[in-house]
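Q: Below is one structure. I have some questions about it.
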Amino acid sequence: MSHHIVEVKHLQHIYADGTVALQDVSLTIHHGESVAIIGANGAGKSTLLLHLNGYLTANSGEIRIGDFPLTKKTLPEIRRTVGMVFQDADDQLFMPTVFDDVAFGPFNLGLPVDEVKQRVKAVLEQVGAAHLQEKPPYHLSGGEKKRVAIATVLSMSPDILVMDEPTSGLDPFARRQLMGLLRDFQHTKIFTSHDLDMVVELCQRTIVLHKGIVKADGPTLEIFNDDALLAECRLEKPLSMQGCPVCGKGR
Amino acid sequence: MRSIDGAVLDLKRLDLLATGDSVIHRLDARAKVLTTLVFIVTVVSFNRYEFTALFPFFIYPVVTASLGNLPGGYIVRKIIMVIPFAFVVGMLNPIFDRELFVRIGPFAITGGWISCASIILRTVLTVGAAFILVGVTGFLSVCEALERLGTPRTFTVQLLFLYRYIFVLTEEGARASRARELRSCGRKGLGLASFGPLIGHLLIRTWLRAERIHMAMLARGFTGEFHSRQVSGFGWRELFYVAGWSAVFVVLRMENGAQWMGRLVTGVLS
């Protein structure tokens, strides 16, 4: 199953204004893994994600998705393999109706209309948004938008799901609903998030980015039990791992 | 800033109307685009003092809108919005062109007024036809049809992006303007001075947002081609539609329909 591996070697990215977003990042993610990339604001998380589907070009370093190195030639195949869900669903939904939005990717893959219709129906049912099919995206609630945004990516049958801050801006119920949905996906999953409780629940492995380098990479629980590391990287334990703030139990 | 938000939503409604299902919606987009083009060319081809002969042309927008189940009030409101622009184009005509054209009792109407009214009427007809075309076809399909009719793809994609950019720009504009309004406490804020940076800021923000949207499109395999779910071919129905309407337009162009109707009515009465 080597074709689902994400391999990043010595990636460096410097923005045009001189900001060094990624200094030297190397990591390997295997098939079926669920990995969280965490770090303070400005640690380089979003920049790293934008490299994974070739939107940004590295100053140096190499990225391989499956058997292909990321180059201009392999870009179309890589963009199909790596499904990217953006932080702001409004950036992802740009067509007049939910149907058109979800169908956008499959149409670009050159699928025939009937196949596209079937796919759209199937993925909208999967994310629990079948009833929204003919609605305009801007009339949906935050949770609905997020689910539709995920559907737009799922409709392209990606092998790897990359999500930037999936739970940000959602109410507790919508957040739970989304987490349940993500847990059921069999894809290789890569998240960035400040929602550390979600990370504990969904990701077995966590990578900590700090000032553009990989500060730690290991099992999620181990990382969150390293107080010194968390403090250095401007992070803290997830609430579920802290004691009760009222009775003090578990501290 | 409800007005800007409202205007955007109102425009988006036009796209939504296109998802309807009617005799007109089901026609191939190319037929509708061609017919609208013939309509616009015929209306524009009249000489500048023509006024009465234009009225019978309302038959096309009225019939299409009603067969396409478009809400009349909504379309009329959209058209009214562009009348001031047409008036600006024609407002100098009455000043420069003072040649007497008709005299109705004590009122003398100059050629300038006639040509100004003609400009407004033509705008109403052509813009109305264009709105209705989008309302029964959808902007995406209109662009697709243009491409299939031979327009270079670069042009149609630019057109589509321009259309999308209107929404991005107005949405960001509404946000910026709301933020300014809320902090100016009902007064003028910093007045005109605050608009310079606001507009500069707006440009950068819309640019960044447009880039993010473009990124989302690229991530989903966008290669410069838009597809629509409507599958249709150019069959006999379409041919009949284009030929039928074109014949009506040509007849109305050759014969002054309004005068002809007038003669008919006076003939019956006398």
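Q: Hey, A:His194 hits all of (1) surrounded by fewer than 20 Cβ atoms within 10 Å (Cβ to Cβ); (2) in contact with a strand residue (DSSP E or B) (Cβ under 7 Å, 6 or more places away or on another chain); (3) in contact (Cβ under 8 Å) with a residue 60 or more places away in the chain but one; which does it fall short on?
A: (2) is the only condition that A:His194 fails.
Q: From B:Asp21, B:Asp28, B:Asp97, B:Asp10, grab the single residue that is within 14 Å of chain A (Cβ to nearest Cβ) and over 17 Å from the mean Cα position of the chain (by Cα).
A: Numbers: B:Asp28 fails: within 14 Å of chain A (Cβ to nearest Cβ); B:Asp97 fails: within 14 Å of chain A (Cβ to nearest Cβ); B:Asp10 fails: over 17 Å from the mean Cα position of the chain (by Cα).
When all the criteria are applied, what remains is B:Asp21.
Q: Separate question: Which of (1) at the interface with chain B (Cβ under 9 Å from one of its Cβ atoms); (2) crowded, with 18+ Cβ neighbours inside 10 Å is the odd one out, the single condition A:Lys146 does not satisfy?
A: Among (1) at the interface with chain B (Cβ under 9 Å from one of its Cβ atoms); (2) crowded, with 18+ Cβ neighbours inside 10 Å, the lone unmet condition for A:Lys146 is (1).
Q: Within segment A:160-243, considering only helices (runs of 4 or more DSSP H) that don't extend past its boundaries, which have at least 1 residues that are of a type in the set (Phe, Trp, Tyr) and modelled with pLDDT under 90?
A: Where helices (runs of 4 or more DSSP H) fall fully within segment A:160-243 and carry at least 1 residues being of a type in the set (Phe, Trp, Tyr) and modelled with pLDDT under 90, they are A:172-184.
Q: For residues that are part of a helix (DSSP H, G or I), over 19 Å from B:Phe58 (Cβ atoms) and of a type in the set (Gly, Ala, Ser), tally how many sit in segment B:93-126.
A: Looking only at that region, the number is 3.
Q: Let me ask you something else. Output the helices (runs of 4 or more DSSP H) that fall wholly within segment B:158-270 and possess 1 or more residues being under 24 Å from the mean Cα position of the chain (by Cα), over 30 Å from A:Leu111 (Cα atoms) and charged (D, E, K, R), or say none.
A: It comes to B:236-254.
Q: Quick test for you: out of B:His227, B:His214, pick the one residue that is modelled with pLDDT of 85 or more, within 19 Å of B:Cys143 (Cβ to Cβ), in contact with a helix residue (DSSP H, G or I) (Cβ under 9 Å, 6 or more places away or on another chain) and buried (at least 16 other Cβ atoms within 10 Å of the Cβ).
A: Details: B:His227 fails: modelled with pLDDT of 85 or more.
Of the residues listed, the single one that is modelled with pLDDT of 85 or more, within 19 Å of B:Cys143 (Cβ to Cβ), in contact with a helix residue (DSSP H, G or I) (Cβ under 9 Å, 6 or more places away or on another chain) and buried (at least 16 other Cβ atoms within 10 Å of the Cβ) is B:His214.
Q: Shifting gears a bit: Could you list all residues from segment A:64-79 that are at the interface with another protein chain (Cβ under 8 Å from one of its Cβ atoms) and surrounded by fewer than 20 Cβ atoms within 10 Å (Cβ to Cβ)?
A: A:Pro76
Q: Could you grab me the full set of residues in segment B:127-143 that are part of a helix (DSSP H, G or I) and out of contact with any Ser or Thr (no Cβ under 6 Å at 6 or more places or on another chain)?
A: Across segment B:127-143, the qualifying residues are B:Val127, B:Gly128, B:Ala130, B:Phe131, B:Val134, B:Gly135, B:Val136, B:Thr137, B:Phe139, B:Val142.
Q: Given the structure, is A:Val153 β-branched (Val, Ile, Thr), crowded, with 21+ Cβ neighbours inside 10 Å, in contact with a strand residue (DSSP E or B) (Cβ under 8 Å, 6 or more places away or on another chain) and assigned to a helix (DSSP H, G or I)?
A: So A:Val153 fits the description; yes.
Q: Let me confirm something: among A:Pro172, A:Pro166, which residue is buried (at least 24 other Cβ atoms within 10 Å of the Cβ), away from chain B (no Cβ under 14 Å) and closer than 22 Å to A:Met198 by Cβ?
A: Step by step, each of A:Pro172, A:Pro166 is checked, and only A:Pro166 is buried (at least 24 other Cβ atoms within 10 Å of the Cβ), away from chain B (no Cβ under 14 Å) and closer than 22 Å to A:Met198 by Cβ.
Q: Evaluate the following for A:Ala103: is it more than 10 Å from every other protein chain (Cβ to nearest Cβ) and either farther than 27 Å from A:Gly32 by Cα or of a type in the set (A, V, I, L, M) (or both)? Talk me through it step by step, then tell me what you get.
A: Working: more than 10 Å from every other protein chain (Cβ to nearest Cβ): no; either farther than 27 Å from A:Gly32 by Cα or of a type in the set (A, V, I, L, M) (or both): yes.
The answer is no for A:Ala103.
Q: To continue, here is another question. Is it the case, given these coordinates, that A:Val82 is in contact (Cβ under 8 Å) with a residue 12 or more places away in the chain, more than 7 Å from chain B (Cβ to nearest Cβ) and either within 21 Å of B:Ala18 (Cβ to Cβ) or over 23 Å from the mean Cα position of the chain (by Cα) (or both)?
A: Spelling it out, it is not the case that A:Val82 is in contact (Cβ under 8 Å) with a residue 12 or more places away in the chain, more than 7 Å from chain B (Cβ to nearest Cβ) and either within 21 Å of B:Ala18 (Cβ to Cβ) or over 23 Å from the mean Cα position of the chain (by Cα) (or both).
Q: To continue, here is another question. Pull up segment B:202-230, narrow it to residues that are of a type in the set (D, E, K, R) and closer than 17 Å to A:Ala103 by Cβ, then point me to the one that is nearest to the other protein chains (Cβ to nearest Cβ). Before the answer, list the steps.
A: Initially, segment B:202-230 is screened for residues of a type in the set (D, E, K, R), giving B:205, B:209, B:211-212, B:220, B:225, B:229.
Then drop every residue that is not closer than 17 Å to A:Ala103 by Cβ, which leaves B:220, B:225, B:229.
Details: B:Arg220: 4, B:Glu225: 7, B:Arg229: 6 Å.
Ranking the qualifying residues of segment B:202-230, first place goes to B:Arg220.
Q: Mind checking whether some residue in segment B:163-170 is hydroxyl-bearing (Ser, Thr, Tyr), over 20 Å from B:Arg30 (Cβ atoms) and either within 14 Å of chain A (Cβ to nearest Cβ) or surrounded by fewer than 19 Cβ atoms within 10 Å (Cβ to Cβ) (or both)?
A: Yes: one or more hits.
The values are calculated or read from the model by the stated rules, or taken from the named source; none is laboratory data. None of the values given here were measured: they were computed from a predicted structure. Note that each Cβ is placed from the backbone with ideal geometry, even for glycine, and that neighbours are counted across all protein chains shown.
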